[in-house]
Amino acid sequence: MRLTPLGIGALPVPEKQKTHFDDSLHGFGVRVSPGGTKTFVLMVGRERKLHSIGRYPATSLKTARSEALRLLAEHSTNPNIKSRMRASDAIESFLREKEAQTRYQTMRQYRRLLNVYFKHIHGRYLEDINTDDITAVTDKLLKQGKLASANITSVNIKTFFKWCVRRRLIKHSPAEGLDRPAREVSRERVLSDDELKAVWHAAEEMGGDFARIIQLLMLTGQRRTEIGSLKADWIQCDRITLPVAICKNKRQHSFPIGALTASLVRPFSQKNWSKQKADLDKLALIARWRIHDLRRTYATNLQRLGIKLEVIEALLNHASGTRAGIVGVYNRHRYEAEMREAVNIYEEWFAKTIVSATPLA
């Protein structure tokens, strides 16, 4: 069974002492006595010795799990005791810990990576996993031509094994020293005005939240997860303020919006991107493009309109270029007036050139 607070509370009082082990962390469980006392325990080592962790509910399930991980880590560093931490247990603990501090899109990558791409290591002990188990996955992705996926897989699996080392579940990461599997060519796709018209009018024809999000990405240049996760309290009448938790660079971002943008803004909870993007493509009928290309196109068009680079970076919440390093730390000028002027110039151009124009047949 998988232990939960509700499940522990409902465990029956046995005639003889009984231990219920947790499916998600090997060796961890709760022991119930004939008197009804419930105690968290951990079975470790070759002798399968039970360590008492604490009584429930004085000791919470979350606290008991953390202590169980600490005890397992201690045993894994002792060369005379075979660590019983399997990859599946470590993965479960890693995902549980990361979930509270990681963006939705990144968590989705972690889950797919560890539970799908690396499903073949789940039943094995961590210390038995080697470099070949990792490169087998990235090599397969390379053969399929998925260069970006191979690189993302490499980065994320390194993060997981570094976490295992920090938790002292293993002494060395099998991913240590691995180079990036592929050299990616930076995308430079910028949609032309005619392509923007096609996408805008296809979104109008499609309707619904996804189409509205696409239009907002064209108007604001923000990241899709930021606009696709908009909450009501982030939206003011003439600006949007994105909290630290949703921003890629962990910097709160507040930017002005024009009347056209304000007419489209609403709370969203968009998750099924690929299917709806495919539906939009059937209507837009333009060459291969990605949603992130809209951000690059937005920045390019601002430059066309004579907007200064530092103002564009402020609108995009970039922490690079003119806003990096000491300049980014000590320059407190936030370009409020300049951003407002840039947004007004851009919306006027966009409304005349893209929205009001008839798309090509």
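The values are calculated or read from the model by the stated rules, or taken from the named source; none is laboratory data. All figures in this text were calculated on a predicted structure; none of them were measured in a lab. When we count neighbours, we look across all protein chains shown, and the Cβ atoms used for this are built from the backbone with ideal geometry, even at glycine.
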Among the residues of region 333-348, what is the count of those that are of a type in the set (Phe, Trp, Tyr) and in contact with a Leu (Cβ under 7 Å, 6 or more places away or on another chain)? 1
Looking only at region 179-202, decide whether some residue is closer than 27 Å to LEU113 by Cα, modelled with pLDDT under 95, assigned by TED's automatic domain parsing to the domain that holds PHE268 and of a type in the set (Ser, Thr, Tyr). no
From the list ARG239, ARG224, ARG266, ARG251, pick out the single residue that is out of contact with any helix residue (DSSP H, G or I) (no Cβ under 8 Å at 6 or more places or on another chain) and among the basic types (Lys, Arg). ARG239
The one condition ASP233 fails out of (1) in contact (Cβ under 8 Å) with a residue 12 or more places away in the chain; (2) on the phi < 0 side of the Ramachandran plot is (1)
Residue count, region 205-262 (criterion: under 17 Å from TYR346 (Cα atoms) and either in contact with a strand residue (DSSP E or B) (Cβ under 8 Å, 6 or more places away or on another chain) or hydroxyl-bearing (Ser, Thr, Tyr) (or both)): 9
Filter result (assigned to a loop (DSSP other than H, G, I, E, B) and among the polar types (S, T, N, Q)) within region 249-263: ASN249, GLN252
Matching residues in region 217-254 (surrounded by 20 or more Cβ atoms within 10 Å (Cβ to Cβ), under 14 Å from ARG103 (Cα atoms) and not hydrophobic (A, V, I, L, M, F, W, C)) number 5
Starting from residues that are assigned to a loop (DSSP other than H, G, I, E, B) and of a type outside the set (Lys, Arg), keep the ones in region 120-154 and report whichever is surrounded by the most Cβ atoms within 10 Å (Cβ to Cβ). ILE129
Somewhere in region 165-172, is a residue within 22 Å of ARG295 (Cα to Cα) and either outside the structural domain of ALA148 (by TED's automatic domain parsing) or in a helix (DSSP H, G or I) (or both)? no
Only listed residue being assigned to a loop (DSSP other than H, G, I, E, B) and surrounded by 15 or more Cβ atoms within 10 Å (Cβ to Cβ), chosen from ALA182, ALA211, ALA202: ALA182
Counted residues, region 113-142 - those being among the basic types (Lys, Arg) and at pLDDT below 90: 1
Check ARG296, ARG224 and return the single one that is in contact (Cβ under 8 Å) with a residue 24 or more places away in the chain and within 21 Å of TYR104 (Cβ to Cβ). ARG224
